[in-house]
Amino acid sequence: MRVVSKKLATQPVYVLTAARTFSAAEAFAYDLQSTKRATIVGEVTGGGAHPTHPVPLDDHFVLMVPSARAINVITKTDWEGTGVQPDVKVPADQALDKAKELAADKLAKLRTTRR
């Protein structure tokens, strides 16, 4: 069952990131940011955009070789090596409080404009 809500699609979204945010979590943040659907709050992410596959070298070593790229249709690039750059840079342990502050400010502005 699929629920579609026009109201939900317009609600503000905040995604929290940290230096340890990596791979698929980065893709989520990057894609929402590039479509201007979310505000990214926190630290620059780890920078892992290219999936890898193992190539055995011998009985003890494996080489991990990039096998794909996650190219965003809007930016025409990815976050490999650079990480996702937050819209609002704060230390990870402060990101939730900052996102709450941003959300409260946005709600206050909405209330003011509706009067």
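Tabulated data
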read-out: Residue match in the stretch 30-42 (condition: surrounded by 17 or more Cβ atoms within 10 Å (Cβ to Cβ), in contact (Cβ under 8 Å) with a residue 60 or more places away in the chain, in contact with a helix residue (DSSP H, G or I) (Cβ under 7 Å, 6 or more places away or on another chain) and part of a strand (DSSP E or B)); value: yes
read-out: Boolean, residue 103 is in contact with a Pro (Cβ under 7 Å, 6 or more places away or on another chain) and either at pLDDT 95 or above or surrounded by 14 or more Cβ atoms within 10 Å (Cβ to Cβ) (or both); value: yes
read-out: Pairs where the first residue, in the stretch 57-68, is under 25 Å from residue 81 (Cα atoms) and the second is part of a loop (DSSP other than H, G, I, E, B) and hydrophobic (A, V, I, L, M, F, W, C), C-beta under 8 Å, 6+ apart; value: 63/57
read-out: Count - residues of the stretch 61-115 that are in a helix (DSSP H, G or I), under 22 Å from the mean Cα position of the chain (by Cα) and basic (Lys, Arg); value: 3
read-out: Condition check for residue 91: at pLDDT 95 or above and over 18 Å from residue 27 (Cα atoms); value: yes
read-out: Among the candidates 24, 19, residue that is surrounded by fewer than 17 Cβ atoms within 10 Å (Cβ to Cβ), within 12 Å of residue 86 (Cβ to Cβ) and either of a type in the set (A, V, I, L, M) or in contact (Cβ under 8 Å) with a residue 24 or more places away in the chain (or both); value: 19
read-out: Single residue of the stretch 5-16 satisfying the filter (within 18 Å of residue 87 (Cβ to Cβ) and of a type outside the set (Ser, Thr, Tyr)) that is surrounded by the most Cβ atoms within 10 Å (Cβ to Cβ); value: 15
read-out: Residue match in the stretch 54-64 (condition: charged (D, E, K, R), at pLDDT 95 or above and surrounded by 15 or more Cβ atoms within 10 Å (Cβ to Cβ)); value: no
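The values are calculated or read from the model by the stated rules, or taken from the named source; none is laboratory data. Just so we're clear, the structure is a prediction, and the values are computed from it rather than from any experiment. Every residue, glycine as well, gets a Cβ built from its backbone with ideal geometry; the counts of neighbours run over all protein chains shown.
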